[in-house]
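To start, the structure under review is shown below, and the notes come after it.
The values are calculated or read from the model by the stated rules, or taken from the named source; none is laboratory data. Given the structure is predicted, the values throughout are model-derived calculations rather than measurements. A quick note on method: Cβ atoms are made from the backbone with ideal geometry, for glycine too, and the neighbour counts reach across all protein chains shown. Only protein heavy atoms, including side chains, enter the accessible area calculation; ligands, DNA and RNA are left aside. Shrake-Rupley method; radii C 1.70, N 1.55, O 1.52, S 1.80 Å.
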Amino acid sequence: SGNHGQAVAYAAQKLGIPATIYMMSNISPLKRQATESYGAEVVLTATRPEAEILAREAQKNGALLIPPY
């Protein structure tokens, strides 16, 4: 979600680590911009399940998955 994505992006920036945030394409443009302003890469998807699939694929390649719930 937008708020969670912003929080993860902020924390990653403070820790000096990269972050990729998967968001649905209908996210508020302000939330997307805020997330990107913290240095995160934002990947837009059509649906939440699609975002979750991409996040889990990234996890298989060593990424840490931080679910929004």
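A few remarks follow.
- Stretchable slack from Ala7 to Met24, in nm (0.36 nm times residue separation minus alpha-carbon distance): 4.5 nm
- Selected from Leu15, Ser37, Ala63, residue furthest toward positive end of dipole (the range 7-69; charges at beta carbon): Leu15
- Largest GNM mean-square fluctuation among Thr47, Thr35, Thr20, using the chain with Cα springs under 10 Å: Thr47.
- Cα gyration tensor category, rounded, prolate or oblate, for the range 6-69 with a/c compared to 1.5: oblate
- Fraction of accessible area attributable to carbon and sulfur, the chain (%, probe 1.4 Å): 57
- Rounded to the nearest 20, the size of the Cβ-charge dipole of the chain about its Cα centre is 120 debye, with Lys and Arg at +1 and Asp and Glu at -1.
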